[in-house]
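> One structure, as structure tokens, below. Some questions next.
The values are calculated or read from the model by the stated rules, or taken from the named source; none is laboratory data. Quick caveat, the model's predicted, so the values are computed rather than measured. When we count neighbours, we look across all protein chains shown, and the Cβ atoms used for this are built from the backbone with ideal geometry, even at glycine.
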Amino acid sequence: MEFRHLRYFVAVAKELHFGRAAERLGMAQPPLSQQIKALEQQLGVQLLSRTKRRVELTAAGRVFLQEAIKILAQADQAVHAAQRAARGEIGQLEVGFVSGAVYGKVPAIFRLMRTRYPEMSLILRELTTEEQMEAVRAQRLDVGLIRPPVIFEKSLAIRVIAKEPLVVVLPRAHPLATRRKIELKALAGEPFLQVPRHDAPGFYDQFVSICAQAGFFPRIVQEARTTQTIVSLVAVGMGVSIVPASLRSLQRSGVVYRPLEGPAPTTELAVIWRPDDDNPAIHRFLETIGEVVEN
């Protein structure tokens, strides 16, 4: 039995007339009659009672009609769902992001994805840059939002989506907090808070490099895996730190953010994915990123 047999039967059952049903289906009446007889023979039951004047559903035919309508509706729904999945409108997308990313453009990206594709299951995981790269390579993540610079392999694609200056975050009671801008060399000898190098080697090395260019090697007294924790530790007076400017939207009592004097070093946010991944939802996500970044 094929889906066409169900459609033939439903048409006849609704019209209760082979001629009208054949016209509705766009076929001749004799082949339609033959298909219905073949269906009855296959089922081993009579679905229609035929006389010269009328066609009626048998008890078995009435039950079969209800089930046939359900099956055809489910089949149409399956086709529609498959087509939407192929367009990346439904399905599942696992996205990794570094902690500080939620204070820049990333929330707008997630918000637009939720609005535009409400039936897509968007699974978000806060991970370090290194954890994301490994997870994307191992196919445990579909895409990642990371902090370059990183050493890349051909197995991953990367696209920079945002660039922002680095700023100083320091306790409100710090002597330098009264300045509008701070020279980096003025922080020589200060206790620094920083993410561990194994979590964000690119960002860590950049931090050490800009300090070296200012004439000193940073004295790191405490490490924390998230920038939110670092800001909280600054608030209790444990030290100072260099963070992306977007973190200024993270308000904590007891801290101030100050821009660096002169040309400020910048940090980037990038999206990574496997270029050979055929998940259409990835392409919808990349399109959404493009729209948010452009606007």
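> Select from region 200-209 the residues that are crowded, with 16+ Cβ neighbours inside 10 Å and either farther than 27 Å from E126 by Cα or of a type outside the set (A, V, I, L, M) (or both) and list them in ascending order.
Residues satisfying the conditions are P201, G202, F203, Y204, Q206, F207.
> I've got another one for you. Considering only region 236-295, state which residues are of a type in the set (K, R) and under 23 Å from the mean Cα position of the chain (by Cα).
Scanning region 236-295 gives R274, R284.
> With A38, A85 as the choices, which residue is surrounded by 14 or more Cβ atoms within 10 Å (Cβ to Cβ) and out of contact with any Ser or Thr (no Cβ under 7 Å at 6 or more places or on another chain)?
The unique qualifying residue is A85.
> Name every residue in region 7-21 that is closer than 22 Å to A75 by Cα and either touching a Phe, Trp or Tyr at 6+ places or on another chain (Cβ under 9 Å) or not in a helix (DSSP H, G or I) (or both), in order of residue number.
Matches in region 7-21: F9, V12, A13, A21.
> Could you look through region 134-148, keep only residues that are touching a residue at least 24 places away in the same chain (Cβ under 8 Å) and either charged (D, E, K, R) or out of contact with any Gly (no Cβ under 9 Å at 6 or more places or on another chain) (or both), and pick out the one that is surrounded by the fewest Cβ atoms within 10 Å (Cβ to Cβ)?
Only one residue fits best here, namely Q139.
> While we're on this one: So in region 246-276, with the set limited to residues that are at pLDDT 90 or above and in a loop (DSSP other than H, G, I, E, B), which one is nearest to V208 (Cα to Cα)?
P265
> Name the one entry in F3, F18 that is at pLDDT below 90 and loosely packed, with under 14 Cβ neighbours inside 10 Å.
It is F3.
> Right, next: Run down L127, L93, L122 and say which single residue is in contact with a Lys or Arg (Cβ under 7 Å, 6 or more places away or on another chain), under 30 Å from R147 (Cα atoms) and surrounded by 11 or more Cβ atoms within 10 Å (Cβ to Cβ).
L122
> Only one of these is in the same structural domain as H17 (by TED's automatic domain parsing) and touching a Leu at 6+ places or on another chain (Cβ under 6 Å): A68, A78. Name it.
On inspection, the qualifying residue turns out to be A68.
> Does E131 fit the bill of being touching a residue at least 24 places away in the same chain (Cβ under 8 Å), assigned by TED's automatic domain parsing to the domain that holds L16 and either more than 22 Å from F3 (Cβ to Cβ) or part of a strand (DSSP E or B) (or both)?
No.
> Just name the residue that is farthest from S99 (Cα to Cα) out of those in region 210-222 that are touching a strand residue (DSSP E or B) at 6+ places or on another chain (Cβ under 6 Å) and crowded, with 16+ Cβ neighbours inside 10 Å.
Going through the qualifying residues, I end up with P218.
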